[in-house]
């Protein structure tokens, strides 16, 4: 039970620390002949919608967000649903045990708010303690249990859904549960990226993400992850505490203990996301004189707690 969360975390920094929260935007169609072209050179064209637009890296995840909108959900409901599906369909880059950096535009207030839902380093992970364990185990500094921080994404999902969403966590997790339980056909691009996991020697990673523990699924093959579906059902039923105070946290801590890691239940129980004020940055496309502005969240620090 719940082993997909543990095993993805016990593998490498990829799939442990970063959770690539989707880009989700809602636009009305251009009014009064407004120019909707990008202010910089690109081969892509803008997309407008009367009811909403979901933009992400994977079609099934984007479609999940659209389904939520069709059911009456708002942008936040769709965003969390889409992000959850990405943990199923893009396991080489996205994980339930990772982080989320979220920006929300409040149209009525004309205000942009941000949330840093990244996890802190464990209390016990001082620099001396970390160097001592790395030397003791002769372990890679990037991969393995010592690259693992407290997972922050789940807390971020619950917080934005409670503040700005209209649907329950159980409802928005339905698409992810469906694809995890019943499977999905792997696309060629995802299949190529998935092959990187074939070089991972962590037994739990191979058991979870490779077919028969040997190879990545090829393009067109159907991949299922019933353990992840079970985990999402538990989150929908028991809420945030299942992940930070209940059975999921305990299993992750037990896994950490078995591998001489730092994580404790207190690390999970004390975790909270942090509100932030996004910054405005002006950038220029290479080879062009055109400038454009974008809002972004400030980068976090992964320092130990004091």
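Taking the Cα atoms of the range 118-275, the ratio Rg/Rh between the radius of gyration and the Kirkwood radius comes to 1.00. With neighbours defined as other Cβ atoms within 10 Å of a residue's Cβ, the residues 173, 50 order from fewest to most as 50, 173. Placing dummy labels 7 Å off each Cα toward the beta-carbon, the span from residue 257 to residue 277 is 4.4 nm. Here the residues 257, 212, ranked from fewest to most Cβ neighbours within 10 Å of their Cβ, fall in the order 212, 257.
Can you put 166, 94, 231 in order of Cβ neighbours within 10 angstrom, beginning with the fewest?
In order of increasing Cβ crowding within 10 Å: 166, 94, 231.
Here, each number is a calculation from the coordinates, and none is a lab measurement. Since the structure is predicted, the reported quantities are computational estimates derived from the model, not experimental observations. A quick note on method: Cβ atoms are made from the backbone with ideal geometry, for glycine too, and the neighbour counts reach across all protein chains shown.
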